Amino acid sequence: MKTRLLIITALALVPLSISNVSAMCAAEALEWWEACNDTGLNNALPLNPVLLLIIVVIVILVIIAGIVIWRKRK
C-alpha cells in the first residue's frame, strides 16, 4: 500500500519537477490572480490550459490515492 501511494505521489509531482513547467505554472497563476484583483473574478483571464491540466491530473491522482487508502483501512 505504501509503495502504491509513493508511486501515485511521484507521478503527481513529475510535471512540477520540470523547471519550465513549474515556472510557467507559477507565472500563469500569478497573472491570473493579478487579473482577478484588478478586474474582479468574472472578468479575469482564463487560466492556461496546461496549468489546468496539471491541476486536474494532480487532483485526480490525489482522489485515487485517497480512495485506495480508505478502502485498505475499511
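Here are the numbers for this structure:
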quantity	calculated
Tabulated pairs, the range 52-74, first of a type in the set (Val, Ile, Thr), second surrounded by 12 or more Cβ atoms within 10 Å (Cβ to Cβ), C-beta under 6 angstrom, 6+ apart or interchain	Ile54/Pro15; Ile58/Ala12
Selected residue (criterion: modelled with the lowest pLDDT) from residues of the range 40-69 that are over 19 Å from Ala12 (Cα atoms) and in a helix (DSSP H, G or I)	Leu41
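The values are calculated or read from the model by the stated rules, or taken from the named source; none is laboratory data. Computed from a predicted structure; not experimentally measured. Cβ atoms come from the backbone with ideal geometry, glycine included; neighbour counts cover every protein chain shown.
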